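Taking it in order: structure first as structure tokens, then the write-up.
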Amino acid sequence: MSLKLVNLVFKFGSLLALTPAKIEKNGIVFPSKTYALLWIILFSAGVPISAYGRKSSYEKLTPVILIIKVATETILFVLNISTIIITATKRHHWNRFINILKFLKNSNEKGDLFWFLPFLLTNVVFVVIFTYYTTIYVQKMGVDFFFKYYAVEYFQFYAQFIVYYLIYEFLNLILNGFTDLSQTMCKLLKMQSNRLNKLSFKKLKSDFCALAECVEIFNNTFGWLLLLSMGYTVIRQLQYMQYLISGKRSSLLLIIMVITWHWVGTFNGVFICDLTEQRVKAMQVVAYQTAANFDGEEEVEEIKKLINVINDNFPHFTAARFFDLNRKTILGVLNAFFTFLIVVIQFENLYN
């Protein structure tokens, strides 16, 4: 992963005031607060107007599906507004986060000629999915009605996509940083020069603390966005699954595409969080094993100091500090999803 790619995402996200404009040598350039306020006003006005225009379609829904529909649109709206507010208010966090990553970035990224390809491909996937989405609904509702009352959703969905990708990109940069530290630590533990070990271990501990600070900044910046994304994904998929079970949706392919898009976008970052913690745990194991096998007191003392630094600054990713982000999170979300799905089906049967 490259900071060039982060810069590219920033340029696209800054059009909607979702991200800083770009990475500068002396800091980060931010969109003006006036520009951010303009997008907040546009979202705040556009979403209610679109919802009012879809009033006739809402009246045809059952009470349970109506509640799910309103909850889905509300969470997406809150996610969009929260992203803009976080970008506009947490300037110091963004600046510190980027500066640390710039300091720790891998030097071999310079030769990557296709650094932009991942972002390009995901944009192509986004365009394909929502072009098909548009085609299906235009056939059902007509061009005028669809674009008049659903056009604002495209801005909302792309804003959500920027959040997905930025979370994925930053988590990968953090993971790569801990991977490089793990490799450096393994090399240091094989060296024999005490003087070189002391200087190198000091640098290793400093870099580990810097990455641990990145994790803390990430939690403070993206914790709420991750929580909202998970809530939106669960409720949105609940809506689609209910429609699928009741046979009200004719396009099975569209449902599968949208469900896959949201699940991958939301929970791909959770897997990276879990992988990062496992990488640091592996560093702990290697350090403990090495300390047990070393005979020299000075070497053992340096390794113990490193172990203390790892234990005191162990990275824990959280969703707004409500719960930790690891593979258990996905099982918990799936459990909640199927529980809610059973409840919704039962309410629908009672209503019918």
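Compute the length gained on full extension between PHE314 and ILE259: take 0.36 nm times their separation in residues and subtract their Cα-Cα distance, giving the result in nm to one decimal.
In short, 16.4 nm is gained.
Contact order, relative form, for the chain: 23 percent (alpha carbon pairs under 8 Å, 6 or more residues apart, mean separation divided by residue count).
Charged neighbours of GLU73, selected by a Cβ distance under 15 Å, balance to +3 (K, R count +1; D, E count -1). For THR19, nonlocal amide neighbours, meaning residues 5 or more places apart or on other chains whose placed amide H falls under 5 Å from its own, are SER14. Highest mean packing comes first when the peptides 7-16, 160-169 are listed by Cβ atoms within 10 Å, giving 160-169, 7-16.
Dividing the summed helix terms, -39500 (n - 2.57) for each DSSP H run of n ≥ 4, by the number of residues in the chain produces a 222 nm estimate of -29000 deg cm²/dmol to the nearest 500. Basic side chains Lys and Arg get +1 at the Cβ, acidic Asp and Glu get -1 at the Cβ, and with that the dipole of region 3-351 about its Cα centre reaches some 660 debye. The ranking of ILE68, ILE98 from fewest to most other beta carbons within 10 Å of each one's beta carbon is ILE68, ILE98.
Cβ crowding within 10 Å ranks LEU104, LEU117 as LEU117, LEU104, fewest other Cβ atoms first. On the beta carbon distance between ILE136 and PHE322, with R0 = 45 Å, the FRET formula returns roughly 0.80. Along its three principal directions, the equivalent ellipsoid of region 3-351 from the Cα gyration tensor extends over semi-axes of 44, 24, 16 Å, largest first. Shown is the FRET efficiency for SER57 and ALA282, computed with R0 = 45 Å from the Cβ-Cβ distance and rounded to the nearest 0.05: 0.30.
Between the alpha-carbon centres of region 325-343 and region 143-170 there is a gap of 25 Å. Going from the residue with the fewest nearby Cβ atoms within 10 Å to the one with the most, PHE222, PHE114 rank PHE114, PHE222.
Checking the Cα-Cα distances for LYS190/LYS281; LYS198/LYS304; LYS11/LYS33 against a 21 Å cut-off, no pair goes over it. Evaluating kT/(6 pi eta Rh) at 4 °C and 1.567 mPa s, with the Kirkwood radius of region 139-262 over Cα pairs in the Stokes-Einstein relation, gives 69 µm² s⁻¹. With a cut-off of 13 Å between beta carbons, the residues surrounding LYS328 carry a summed charge of -2, where Lys and Arg count +1 and Asp and Glu -1. Charged neighbours of THR134, selected by a Cβ distance under 13 Å, balance to 0 (K, R count +1; D, E count -1). Think of the chain as a dipole: +1 on every Lys or Arg Cβ, -1 on every Asp or Glu Cβ, centred on the Cα centre; then among LEU188, PHE294, PHE130, PHE130 lies furthest on the positive end.
Readers should treat all values here as calculations from the given coordinates under stated rules, not as data from a laboratory. Predicted model only: the values in this text are computed from it and were never measured. Heads up, the Cβs are rebuilt from the backbone with ideal geometry, glycines too, and the neighbour counts pull from every protein chain shown.
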